[in-house]
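The values are calculated or read from the model by the stated rules, or taken from the named source; none is laboratory data. Predicted model, so just to flag it, every value in this text is computed and none were measured. Heads up, the Cβs are rebuilt from the backbone with ideal geometry, glycines too, and the neighbour counts pull from every protein chain shown. Protein only, heavy atoms only, side chains kept; ligands, DNA and RNA dropped before computing areas. Shrake-Rupley method; radii C 1.70, N 1.55, O 1.52, S 1.80 Å.
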Amino acid sequence: MSSPLIGMLDDLKEDRKKKFDIERTYLQDQERIRQEQERIDIEKARFQAEQVKEKERMDRTYLQDQERIRQEQERIDIEKVKFEAEQVKEEERIMLMDISGLSSIFFFFL
């Protein structure tokens, strides 16, 4: 009499053990998935932080380049003004030259 009941209890124990094993495997899988997602999130955040740093570096470089260009253009403009002033001085000097003492032969060649 007790033999079929013991067999049923053994089957029930076996079923519960299988169910427990399945649940444990499921929970382990879920934990692995959670850990992998966490790792991915950390990597994503690190990558985004690196991108922000790179953009900031590029922005600084761009601004520095723009400032160098502005300074160079300013220097060129100053040099141009100096050159034009020297040119005007030279033209004034030439126009103020006393050419009355030059011979008529010199004027012939002009």
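Annotations for the structure displayed:
- The convex hull of the Cα atoms of the stretch 19-58, projected and averaged over all directions, covers 2.1 nm².
- Mean residue ellipticity at 222 nm, helices only, the chain: -34000 deg cm²/dmol; runs of at least 4 DSSP H residues each add -39,500 (n - 2.57), and the sum is divided by the number of residues.
- What the chain shows is 99 Å² of accessible area per residue, with the surface traced by a 1.4 Å probe over protein heavy atoms.
- Accessible area of the stretch 19-85 belonging to carbon and sulfur atoms, whole % at 1.4 Å probe: 57
- Descending semi-axes in Å of the stretch 1-68, equivalent ellipsoid built from Cα gyration tensor: 65, 4, 4
- From phi via Karplus (6.51, -1.76, 1.60), per-residue ³J(HN,Hα) for the stretch 64-77 in Hz, x at Gly/Pro: 5, 4, 4, 5, 4, 5, 4, 5, 5, 5, 4, 4, 5, 4
- Counted by Cβ distance under 13 Å from Gln66, the other residues give a net charge of -2, where Lys and Arg count +1 and Asp and Glu count -1.
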